[in-house]
Amino acid sequence: MKFKNIFLILLLSPLFSMAQNVYSNTFTTINFLDSNAIIKYQKKIDTTRITIEVNRVTGIASFYSAYLNGTLTSTGERYRNKKYTAACNLFKLNTLVRVTNKQNGSTILVRINDRMHPNMLKKGRVIDLSQSAAKKLFFKSTGVVEVVVEAIGFSEINPEN
């Protein structure tokens, strides 16, 4: 009887260790990447400039034109230059992400509420930031900067940095 219990425990122990998949680069067990979009745009992703890991994407960030203020986003809300929002095709809508400027280390939290044009992935672009978010990352004058984008959760409310 004892041998049978020990055998059962040894047999099931790998299942217990796989029950919760914690990703090494985040503190969450949820995958926020939009796998359907990644598969859909797979041929457009410039793999020399874009790196995709679980809940982490490295590539180039740009920012919205000031003329887009007031237009509808993919979530149905109006885009506002003053809000901390962004467009991204690789993360699910309403995902909160931390964007880190690789040149100076500054970071900002933004909410993904829109989608970019798929051809931006060919240029290595992974995220389009609002005007205020780009200004906070200190790259508005250059237009683009290399960034790391890390998912941290879901929210329907914009972060206030």
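The values are calculated or read from the model by the stated rules, or taken from the named source; none is laboratory data. Predicted model, so just to flag it, every value in this text is computed and none were measured. Backbone-built Cβ (ideal geometry, glycine too); neighbour counts: all protein chains shown.
Structural remarks
- Residue that is surrounded by the fewest Cβ atoms within 10 Å (Cβ to Cβ), among those in the stretch 114-161 that are closer than 16 Å to Ser65 by Cα and touching a helix residue (DSSP H, G or I) at 6+ places or on another chain (Cβ under 7 Å): Lys140
- Condition met for Thr100 (within 24 Å of Thr47 (Cβ to Cβ) and in contact with a strand residue (DSSP E or B) (Cβ under 8 Å, 6 or more places away or on another chain)): yes
- If you go through the stretch 42-69 and keep only what is within 21 Å of Lys136 (Cα to Cα) and of a type outside the set (Phe, Trp, Tyr), you end up with Arg56, Val57, Thr58, Gly59, Ile60, Ala61, Ser62, Ser65, Ala66, Leu68, Asn69.
- Total residues in the stretch 85-105 satisfying the condition of being surrounded by 15 or more Cβ atoms within 10 Å (Cβ to Cβ) and not in a strand (DSSP E or B): the figure is 6.
- Contacts under 6 angstrom Cβ, first residue in the stretch 139-151 being under 19 Å from Ile112 (Cβ atoms) and modelled with pLDDT of 95 or more, partner buried (at least 21 other Cβ atoms within 10 Å of the Cβ) and among the small types (Gly, Ala, Ser), 6 or more apart: Val147/Ala61
- Residue check for Thr58: at pLDDT below 85 and either outside any loop (DSSP other than H, G, I, E, B) or farther than 23 Å from Asn119 by Cα (or both): no
- Sub-8 Å Cβ pairs linking a first residue in the stretch 73-87 that is in contact (Cβ under 8 Å) with a residue 60 or more places away in the chain and on the phi < 0 side of the Ramachandran plot to a second residue that is of a type in the set (Asp, Glu) and in a loop (DSSP other than H, G, I, E, B), at least 6 apart or interchain, are Tyr84/Glu160, ordered by first then second residue.
- Flag for Arg80 being of a type in the set (Lys, Arg), farther than 23 Å from Ile30 by Cβ, part of a loop (DSSP other than H, G, I, E, B) and under 17 Å from the mean Cα position of the chain (by Cα): no
- Inclusion of Ser141 among residues that are out of contact with any Ser or Thr (no Cβ under 8 Å at 6 or more places or on another chain), part of a loop (DSSP other than H, G, I, E, B) and of a type in the set (Gly, Ala, Ser) is warranted.
- Those residues of the stretch 106-127 which are assigned to a strand (DSSP E or B) and within 13 Å of the chain's Cα centre (by Cα), in sequence order: Ile108, Leu109, Val110, Arg111, Ile112, Asn113, Asp114, Arg125, Val126, Ile127
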